[in-house]
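Any read-out appearing in this document is the output of simple, stated calculations on the displayed coordinates, not a laboratory observation. Note that the coordinates shown come from a computational prediction; the quantities given were computed from them, not determined experimentally. Because the Cβ atoms are built from the backbone with ideal geometry, glycine has one as well, and the counts that use them run over all protein chains shown.
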Amino acid sequence: MQVSLKLVGTLVDQLPDAHPLENARGTNVLQLSGEQDVSGLLRHVGLSIDSEYFAMINGDHVRSDELVGTKLNDGDAVILVPPMKGG
C-alpha cells in the first residue's frame, strides 16, 4: 500500500536518526506492507503511538484518540501536526 505523509513543526525533530523519510520537511510517499492503520504508519517512521497528534487524512480531521484504529487505504494522504498549546 502506498500513502503520502507530511510531518509539520516539531514532529520532524522527533524522528529517529534512521527514519525512512527522504524529505523530513516535505511530503513523502511511503510503501507500507499489508493493511495498516495510523499507528502502523507512526511505527514505520519511528514516532510514538502514545503521543498526541492533530491529524488530517485526505483533508478530513481524525481525532488523536481515533488514530490507532483508523485504517489507511492505498493512496491516502496523511498530515500530522503536533498539538498546539497556548494560553
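Taking the conditions exactly as written (in contact (Cβ under 8 Å) with a residue 40 or more places away in the chain and farther than 15 Å from Val8 by Cα), does Leu32 satisfy them or not?
Details: in contact (Cβ under 8 Å) with a residue 40 or more places away in the chain: yes; farther than 15 Å from Val8 by Cα: yes.
So Leu32 passes the test.
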Look at region 50-87 and say how many of its residues are in a loop (DSSP other than H, G, I, E, B) and among the charged types (D, E, K, R).
-> 6
What are the residues in region 48-81 that are buried (at least 16 other Cβ atoms within 10 Å of the Cβ) and touching a residue at least 40 places away in the same chain (Cβ under 8 Å), if any?
-> Tyr53, Leu72, Asp76, Val78, Ile79, Leu80
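Considering every residue within region 2-14, establish whether at least one is without any contact (Cβ under 8 Å) to a residue 24 or more places away in the chain and in a helix (DSSP H, G or I).
The answer is yes; a qualifying residue exists.
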